[in-house]
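Here the structure is laid out as structure tokens; the discussion comes afterwards.
Bear in mind these aren't lab numbers, they're just calculated from the coordinates by the rules spelled out. Note that the coordinates shown come from a computational prediction; the quantities given were computed from them, not determined experimentally. Cβ placement follows ideal geometry from the backbone for every residue including glycine, while neighbour counts extend to all protein chains displayed.
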Amino acid sequence: MNRAYSLLTIKSVDSERRTITGIATTPTPDSSGDVIEPLGISFRNPTPLLLHHDRKQPVGRATFQKPTPNGVAFEAQFPLVDEPGTVKTRVDEAWHSVKAGLITGVSVGVKALMSDVEKLKSGGVRLLKSEIFELSLVTIPANMEATILTVKSLDADDLAALGPHSPGVTGTLPNVSAVKAARPMTTDEQITNFENTRAAKAARMTAIMASAAEKNETLDQAQTEEYDTLAGEVKSVDSHLVRLREHQKTMQLTATPITATTPNQVAASDLRGGVAHVSVKANVPKGTAFTRFVMAKIVGKNSLSDAIRFVESNKQWMDQTPEVLDMLTKAVVNPGTIAEPAWAAPLAVQQPFNDFLDLLRPETLLGKIPGLRNVPFNISMPVQTGGGTYGWTGEGAPKPVGNLQFASVTLGIAKAAGIIVISEELAKISSPSAEGVVRNDMIRGMAQYLDQQFIDPTVAAVTNVSPASITNLANGFATAGTSGDNARTDIKKAITLLTGNNYPISETVLIMSEANAFALATALTTNGVLVNPGLSAKGGTVLGVPVVTSQAAGSVVALVHAPSILFADDGGVNIDISREATVEMNTVPTSPITAASVYVSLWQANLIGLRAERFINWKRARTTAVVYTTATYV
């Protein structure tokens, strides 16, 4: 999943209907050098309108227009929610923020077809064909928080506000029938069926309008009648979907435990602690598909056919994460002779899995900081360290001669890794709690470690092993104190130090802990007004400078010129699985191995080892590009 950002160019604001129109994306390269070709973009209208890519914060729906060479335009609508509560507060706040100019950016969630990705000399990529899944309102385009897409429908009052009824309709919506099933459908199945029906009708409406646009003429009588009929049916379906979803919520709230009476129910009840429960499951957490993919390979003992049979026999997995089967099927394809087990197969490395990276990147500072310069591993990159000499000269006087100074910077291959050992029984039962333990430890543990290594001034480089932090041997200065005024003094001093070395403020970013950011966000003037209204514990801006937060920063408050920080990343996490390995069960394994080292045989103890590795490296290209202080603000 990629993110494409652009400034929110609002063409018009309709306060009555609470709609805005603007440009969602353009072919202009983004800050990472990536380009999305507008004419290769596809989408399905309507699309969820989210706040900061957060699936839990839908604020409306967006409709994209036909892509043009200059970009993709959109219209977004914020529903009118009459009932007081969280939804009304969230939607009203988003609407008012856009009207007031506080939210000035939009971002589209894009999925690219890997066969249609072109690498650019700048280090970025050109997405020739891609699909938009959602449109988000954002304040800081660098926010890469992953999201699970959801769709929030408008209620009946909002639908009525969209415009007059079709000609010939006297205030009533037509009756629309979806495809009839062979048996009575559940509420979930009805919702899916009517959504598909609506999509088909909306697609036909789009085709009618496209045909008229190609001919540059209005609709004829037959087309007008068909279009207006379809429009009425779409509104009817939308109204019915609202009712179905409300009915679904009511059923969930009123669900009650079932008392075990028959022998079969008693047996099932015994397995669940005495009572058999009926419940409606929510969407599984992001990354569950990846975790189940790994679990299936474990149970299959690296036999693809056994892993596929295991997934197919697990009804819960097939219902919740059917894409796991697709992952395993795609994994069958191997180029050339590496399928030969006699010699080349052991050389084939498990391919990087982006489902894991979607969760890892937003947790780390590298995934949050805008403007970092992405470079390949083991490539020498020239960095200018000095400029020419210039001065006034009189008539006929000699001109000063200067020279440019350059240095070379190379990022070697470095990796962060960890091993998790679980029992065979835990892998086989694979309850949601077991999946959560594996997933959360991989994500949060790796993220916390990389954050700490990235920002801690005490982390020095280890040759051919690990990089130094960006603050190591950087320009540090003493804090002015712990108050909000002292914090602003510290930040001003850091800005002065960087600008004194000709670094533009527009390319800098502040890094601090969530605790320090919260302290600054709650600081008040003597009149009780927020000193930093654009800041929260999750980030924002201070004095116009973007703020990125991570608890791994601790007491470090650093101002960084982002383009001067080089980082290399292979773009994925490699996963290896073994039952036959011998492992030293120690957080600090012995290196080199000695006779006193104690090892455990995974095969003998009926254990399974999962090894996760991420190849990543970073370096401060200019020594003056980072300044920092250590402070705990209150």
### Task
Please compute the Cα-Cα pair-distance distribution of segment 187-254 with 10 Å bins starting at 0, giving whole percents from short to long.
20, 39, 22, 14, 5, 1
### Summary
Among segment 538-556, those whose backbone N falls under 19 Å of a label point 7 Å along Cα→Cβ from Ser506 are 541-547
### Message
Please compute, for the alpha-carbon atoms of segment 520-634, the extent along each of the three principal axes and give them in descending order in Å.
### Response
70, 34, 28
### Task
Compare the peptides 221-228, 52-59 by average per-residue count of other Cβ atoms within 10 angstrom and give them in order, highest first.
52-59, 221-228
### Message
How much length would be gained if the chain were fully extended between Ala417 and Lys88, taking 0.36 nm per residue of separation minus their Cα-Cα distance, in nm to one decimal?
### Response
114.0 nm
### Task
Starting with the fewest neighbours, write out Ile511, Ile593 ranked by other beta-carbon atoms found within 10 Å of each beta-carbon.
Ile593, Ile511
### Task
Please work out the C-alpha center-to-center distance from segment 191-250 to segment 483-560 and express it in whole Å.
49 Å
### Task
Set the Förster radius R0 to 56 Å, insert the Cβ-Cβ distance between Asn378 and Thr192 as r into 1/(1 + (r/R0)^6), and round the FRET efficiency to 0.05.
0.70
### Task
Arrange Trp317, Trp95, Trp603 by Cβ neighbour counts within 10 Å, fewest through most, would you?
Trp603, Trp317, Trp95
### Task
Would you please state the base-10 log of I(q)/I(0) at q = 0.13, 0.15, 0.21, 0.28 1/Å for segment 31-102, with intensities from the Debye formula using one equal scatterer on every alpha carbon?
-0.50, -0.64, -1.00, -1.24
### Query
For the residues Ile470, Ile505, Ile308, what sequence is obtained by ranking on other C-beta atoms within 10 Å, fewest first?
Ile505, Ile308, Ile470
### Task
List every residue whose amide H lies under 5 Å from the amide H of Asp34, counting only residues 5 or more places away in sequence or on a different chain, with H placed 1.01 Å from N in the peptide plane.
Val125
